[in-house]
Amino acid sequence: MDPHPEAPSPDLALLFTADVYEQLAHTLCAALPVPVPDTPETRTRRDHDAIARVACLLPANADEAHLAALYVAAQATAMDCLHRAQQAAADPAQARQYSARSISMMRESRQARALLERAQAARQKREKDDDATGRAAWSEHCTLGLMADALAGRRPAPPAGPPPTATTAAGEPEADPLAEADRYAIIYPRRAALIRRLGGLPANPDFGPPSAELAHLVATGDTPVLRSLDTAAAPSG
């Protein structure tokens, strides 16, 4: 039985999550209709209401939070347009414009809600599969790390010269061994972390071991994905 893979690095995951929700709160509040009357108190109540409604939709990650915010913003705009249509009763043309806009935004809100529910259903299904959950968590961990490095201007040093290109007998390029090691680490992070920690395969692995060549590359490789294994949380079991 394969142990559960590690979760994303806590420090980086928490840092990015805090930034995501802070940015999302500001973006959502800026997209909401102006309250009536427009005072600091009513703006605060409006913002708190919108944030509470996003929270009650139970988003569990950045993608779900953005879909929830889109739903709340679109629904608020639809309600505002409906109110404006009623106020413009003396101007039938303007009232029709606001009514049409309200209907359009209600449709947008329903679509956002449906997308959110599908995303949540897919996540909940994945969470029932420990292996799939682990692969997803490790992919997120790698993505966060690589993109954070890119934002900070950190990237692996290029090779001194063009690497030799090996080909198969059929003339096809051979698979990059380090890319295979990265792929193994992403799919089986706990196995790869154990191999790196031991410097090779364990004596009696409780999982199907990779080839000796692949295990050596996982243990000694210096790619960002493989290096991130060295800073991941220690296995819990």
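Sketch the reach of a paramagnetic label on THR27 as a point 7 Å from Cα along Cα-to-Cβ, and name the residues of segment 55-82 whose backbone nitrogen lies under 11 Å away.
The answer is 62-70, whose backbone nitrogens lie closer than 11 Å to the label point.
Where a ≥ b ≥ c are the square roots of the eigenvalues of the C-alpha gyration tensor, would you call segment 35-120 rounded, which needs a/c under 1.5, or, failing that, prolate if a/b is larger than b/c, or oblate?
Cα axes put segment 35-120 in the oblate bin.
Using a cut-off of under 19 Å, list every residue of segment 130-145 whose amide N is near the label point 7 Å from the Cα of LEU178 along the Cα-to-beta-carbon line.
Taking a point 7 Å out along Cα→Cβ of LEU178, the residues of segment 130-145 whose backbone N falls under 19 Å are 142-143, 145.
In whole Å, how far is the Cα centre of segment 38-91 from that of segment 104-132?
20
Using 0.36 nm per residue, how much length does the chain from ASP19 to ALA100 gain when fully extended, once their Cα-Cα distance is taken away?
25.6 nm
With a 10 Å radius around each residue's Cβ, average the other Cβ atoms per peptide and rank 189-201, 18-30, highest first.
Values: 189-201: 20.2, 18-30: 13.8.
For the peptides 189-201, 18-30, the packing ranking is 189-201, 18-30.
Quick one: with all protein chains in place, what share of the accessible area of segment 25-121 is carbon or sulfur, to the nearest percent (1.4 Å probe)?
59
Quick check: residue separation of GLN111 and GLU213 times 0.36 nm, minus the Cα distance between them. What number comes out in nm?
Full-extension gain reported as 31.8 nm.
The values are calculated or read from the model by the stated rules, or taken from the named source; none is laboratory data. Predicted model only: the values in this text are computed from it and were never measured. So basically every Cβ, Gly included, is an ideal-geometry build from the backbone, and we count neighbours across all protein chains shown. The area values use the complete protein model at the heavy-atom level, side chains included, leaving out ligands, DNA and RNA. Shrake-Rupley method; radii C 1.70, N 1.55, O 1.52, S 1.80 Å.
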